[in-house]
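This report concerns only the one structure given below.
The values are calculated or read from the model by the stated rules, or taken from the named source; none is laboratory data. Note that this is a predicted model, so its numbers are computed, not measured. Virtual Cβ from ideal backbone geometry, glycine too; neighbours counted across all protein chains shown.
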Amino acid sequence: MEINHSEIFPSICSVSNMGDYEQACEHFNWEDIERHFTWYETGKCNMAYEVIDRHVTEGRGEKVALLYSDPLREETFTFRQLRDRSNQFGNVLRKYGLSKGDRVFIFMPRSPELYICLLGILKIGAVVGPLFEAFMETAVKERLIDSGAVALITTSSLLGRVTRSELPDLKHVFLVGDTVEQQDSVIHYHDEMASASSDLELEWLDRDDGLIMHYTSGSTGKPKGVYHVQNAMIQQYYSAQIVLDLREDDIYWCTADPGWVTGTAYGIFAPWLSGVTNVVRGGRFSPQDWYATIDKYKVTVWYSAPTAYRMLMGAGEEILTNYKLSSLRHVLSVGEPLNPEVVRWGYKVYGQRIHDTWWMTETGAQMICNYPGMPIKPGSMGRPLPGIEATIKDDKGNTLPPYTMGNLAIKVGWPAMMNRIWNNKAKYEEYFRVPGWYISGDSAYMDDEGYFWFQGRVDDVINSSGERIGPFEVESKLLEHPAILEAGVIGKPDVIRGEIIKAFISLREGYEATPELKEEIVRFVKEGLSAHAAPREIEFKEKLPKTRSGKIMRRVLKAWELDLPTGDLSTIDD
Ligand code: WT7
């Protein structure tokens, strides 16, 4: 595919110094990007068409779209093959009455079928909801209930975590993979696909029709269903060009699972909107496995997360002698603060500057980034994409001068902005409490060259290994344990994971604080919620600090943990 940067983005083809960047910002126009899409002419869109079918129509059908592998399986798919299979699955879904606007969820580990199903869902205009494979019963149930999902695609080994009797809206369950026994009331993917036609009439949509839902955590309440629409593709494509710097012959690898937004926006949409070959590696992380993946596929552009880079750093330089990483041209990071030390190490060891990028599930695409060629200040997230306006605001909505810490805010109106929080208008509106602005929940400052520096979350949301965890969810799960009277959960700084989950717990009468009980509690959260939400540290306390209205004061717990002053305690009970 011809991607001529200077043609598509005349003003920003070389963001190589401050002058060019500022010029790019000044001349920026979203319509220049919109022209790339077929709907610019036709008026009707479908993400699955733009990421897959279009490449077949335009003569790139035999190009490799997906290089899939995991420890047990290895397969390659061209754009034509993905078009045909996703058409087939679209037909299967239609056969069972599914159509535009229905929420269809996917709950399975990475496999080619996950990608085929996701595309098939989009082809019929349904809204896809990918769930991370490590979710346990409660987490799965909450998301399916809240979204009103009518169909779920899963595997026989995960089916046990789907409590169907409690899910009245869920009409169909599709099972992918070999099943030991014939299960009643499930639909077998492979049987259906064997007889499904690969001709499909696409559902043509409007730009504000639904695309995808990702659940994400806040500091209070249940996970929120962040709902995105087709329009997100504009910014996902644009950022693939200027931030990922994707070019025709790239072999691109985003390490994120599609259960999280990075794994869909940048593990599916951005690379395939650009027509590049996409590497998906399933299975568990190990430094050897990851380096082998880069070496084997000759990965050129690599998008991963700080925790992974820190783990690779921890594995040392020695193992690198076994792998060739010289194919790498561009390396990026997202999800949590990228330590300057890691940037320097990456430069020394990979010969690559790791480009930090900042965005959120809610923003739908990259917002503040380091661009190829731009001077990197290690520790800074970079500068807003041309077309995006970011600033720092105080709690009243006043803009703050450089070097002053405050709320990281974005001017509303960027194309990939979430369209709603499913079923929760009030939560959605909270983000926009300053008229015209999106308040991110992160605190940061801007320097005098317009670079943004992350300082922390404004709320109690925990970021462990780049995954967002709401303390309230973990606390709620803990309270279901018979031994636990009260629980307060905080993020405790950790060199590898950024933060780990620490739980402060007071026990009911008759229970004893033993190491065995700690282990049991950890297992309880792992099995009930998910492994990544389980506390890595537990401390038993006689009593927990609470407000008079009974809310656990996490701020005080954090101060205890970090040996900091506890601050204003006027609302504390007792
Ligand atoms: C939160 C969003 C969408 C990317 C995956 C995470 C933190 C994200 C950075 C960065 C420091 C970062 C923020 C943000 N975060 N990128 N480059 N530097 N912190 O998406 O799960 O929606 O989490 O991740 O706190 O608010 P998410």
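Structure notes:
- Search result, residues across segment 495-525 that are over 12 Å from Glu537 (Cα atoms), touching a Phe, Trp or Tyr at 6+ places or on another chain (Cβ under 9 Å) and among the aliphatic types (A, V, I, L, M): Leu507, Ala513, Leu517
- Scan of segment 189-201 for residues that are surrounded by fewer than 17 Cβ atoms within 10 Å (Cβ to Cβ) and either touching a residue at least 40 places away in the same chain (Cβ under 8 Å) or over 18 Å from Gly101 (Cα atoms) (or both), ordered by number: His190, Asp191, Ala194, Ser195, Ser197, Ser198, Asp199
- Residue check, Leu118 closer than 25 Å to Ser157 by Cα and touching a strand residue (DSSP E or B) at 6+ places or on another chain (Cβ under 8 Å): yes
- When Phe107, Phe89 are checked against the criterion of being assigned by the TED database to the domain that holds Trp422 and touching a Cys at 6+ places or on another chain (Cβ under 8 Å), a single residue qualifies: Phe89.
- The test for being more than 12 Å from the ligand (Cβ to nearest atom) and of a type outside the set (Lys, Arg) holds for Tyr189.
- Residues that are touching a Leu at 6+ places or on another chain (Cβ under 7 Å) and over 26 Å from Gly160 (Cβ atoms), drawn from segment 512-544: Ala513, Phe540
- A search for C-beta distances below 9 Å between a residue of segment 55-76 that is within 28 Å of Ala292 (Cβ to Cβ) and assigned by the TED database to the domain that holds Pro112 and any residue that is of a type in the set (Gly, Ala, Ser) and part of a strand (DSSP E or B), counting only pairs 6+ apart in sequence or on different chains, returns Glu75/Ser69; Thr76/Ala65.
- A search for C-beta distances below 8 Å between a residue of segment 336-359 that is assigned to a helix (DSSP H, G or I) and any residue that is more than 10 Å from the ligand (Cβ to nearest atom) and basic (Lys, Arg), counting only pairs 6+ apart in sequence or on different chains, returns Val342/Arg310; Val343/Arg353; Gly346/Arg353; Tyr347/Arg353.
- Here the condition is being surrounded by fewer than 16 Cβ atoms within 10 Å (Cβ to Cβ) and under 30 Å from Trp359 (Cβ atoms); of Val525, Val495, Val489, it holds for Val495 alone.
- Check on Leu408, surrounded by 23 or more Cβ atoms within 10 Å (Cβ to Cβ) and away from the ligand (no atom under 11 Å from the Cβ): no
- Candidate set from segment 342-361 (those that are within 16 Å of the ligand (Cβ to nearest atom) and out of contact with any Gly (no Cβ under 9 Å at 6 or more places or on another chain)); member that is nearest to Ile421 (Cα to Cα): Thr361
- Every listed requirement among (1) more than 30 Å from Ser99 (Cβ to Cβ); (2) in a loop (DSSP other than H, G, I, E, B); (3) out of contact with any Leu (no Cβ under 9 Å at 6 or more places or on another chain) is met by Asp208 save one, (1).
- Taken as a whole, the condition of being away from the ligand (no atom under 12 Å from the Cβ), surrounded by fewer than 16 Cβ atoms within 10 Å (Cβ to Cβ) and under 16 Å from Asp289 (Cα atoms) applies to Glu317.
Each row is one residue, and each column tells you yes or no for (1) away from the ligand (no atom under 16 Å from the Cβ); (2) assigned by the TED database to the domain that holds Val226; (3) under 30 Å from Ala315 (Cα atoms).
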site	(1), (2), (3)
Tyr451	no, no, no
Gln455	no, no, yes
Ile469	no, no, yes
Val474	no, no, no
Glu480	yes, no, no
Leu485	yes, no, no
Gly488	yes, no, no
Asp494	no, no, yes
Gly498	no, no, yes
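- Listed by first and then second residue, the pairs linking a residue in segment 243-262 that is under 17 Å from Ala308 (Cβ atoms) to a residue that is crowded, with 24+ Cβ neighbours inside 10 Å and at pLDDT below 95, with Cβ atoms under 6 Å apart and 6 or more places separating them unless they lie on different chains, form an empty list.
- Hey, Thr76 over 20 Å from Gly282 (Cα atoms), out of contact with any Cys (no Cβ under 9 Å at 6 or more places or on another chain) and of a type outside the set (D, E, K, R) or not: no
- Unique match (being part of a helix (DSSP H, G or I) and either surrounded by 14 or more Cβ atoms within 10 Å (Cβ to Cβ) or acidic (Asp, Glu) (or both)) among Glu520, Glu512: Glu520
- Applying the criterion of being charged (D, E, K, R) and surrounded by fewer than 21 Cβ atoms within 10 Å (Cβ to Cβ) to the residues of segment 273-292, the residue that is nearest to the chain's Cα centre (by Cα) is Arg284.
- Residue that is modelled with pLDDT of 95 or more and over 26 Å from Lys222 (Cβ atoms), where the choices are Leu569, Leu517, Leu562: Leu517
- All of (1) in a helix (DSSP H, G or I); (2) within 14 Å of Leu202 (Cβ to Cβ); (3) in contact (Cβ under 8 Å) with a residue 40 or more places away in the chain hold for Leu114 with one exception: (2).
- Some residue of segment 293-309 being among the small types (Gly, Ala, Ser), in contact (Cβ under 8 Å) with a residue 24 or more places away in the chain and away from the ligand (no atom under 16 Å from the Cβ): no
- Helices (runs of 4 or more DSSP H) completely within segment 221-335 that count 3 or more residues being out of contact with any His (no Cβ under 8 Å at 6 or more places or on another chain): 232-242, 270-273, 287-297, 306-315
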